[in-house]
């Protein structure tokens, strides 16, 4: 009995981890590590370019998903300028204008 009372006391022999605790721990560890940038295939890039061009011509709002190391940033608005030389676009939303570099865009959705 005295052996159980050494080091960590009575809890030394009763250690265990529930599957729910393990899953929560793994998810927490994944949130702490920065994500890597997804690789876009050419078809996805063409579809995004088409939706951005339609938003510019038809003045329809789109939702743009921007890559961030920790979580994606969603920006909803209308494309007002498409700068092919600078590889950027200008989005107008109720808060104002936002200049976005094309390399930061990972997805575009029509509204």
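Work the Kirkwood hydrodynamic radius out for the range 17-64: mean of 1/r over every pair of different alpha-carbon atoms, inverted, in Å. Walk me through the numbers before you get to the answer.
On the way: mean 1/r = 0.0699 Å⁻¹.
Radius from the Kirkwood sum: 14.3 Å.
When the chain is treated as a Gaussian network with alpha carbon springs shorter than 10 Å, the biggest mean-square fluctuation among 62, 26, 79 belongs to 26.
The ratio of the alpha-carbon radius of gyration of the range 48-111 to the globular-protein estimate 2.2 N^0.38 Å is 1.00. Size descriptor for the chain, Kirkwood hydrodynamic radius: 17.5 Å (Cα pairs only, one decimal). FRET efficiency for the residue 57 to residue 33 pair, using the beta carbon distance and R₀ = 30 Å, is estimated at 0.15. Working note: 222 nm ellipticity from helices only, DSSP H runs with n ≥ 4, each -39,500 (n - 2.57), summed and divided by the residues of the chain, gives -9000 deg cm²/dmol to the nearest 500.
Comparing 22, 101, 87 in a Gaussian network model of the chain (Cα springs below 10 Å), the most mobile by mean-square fluctuation is 22.
When the chain is treated as a Gaussian network with alpha carbon springs shorter than 10 Å, the biggest mean-square fluctuation among 39, 91, 64 belongs to 39.
Bear in mind these aren't lab numbers, they're just calculated from the coordinates by the rules spelled out. The structure presented is a predicted model; accordingly, all values stated were derived computationally and were not measured. So basically every Cβ, Gly included, is an ideal-geometry build from the backbone, and we count neighbours across all protein chains shown.
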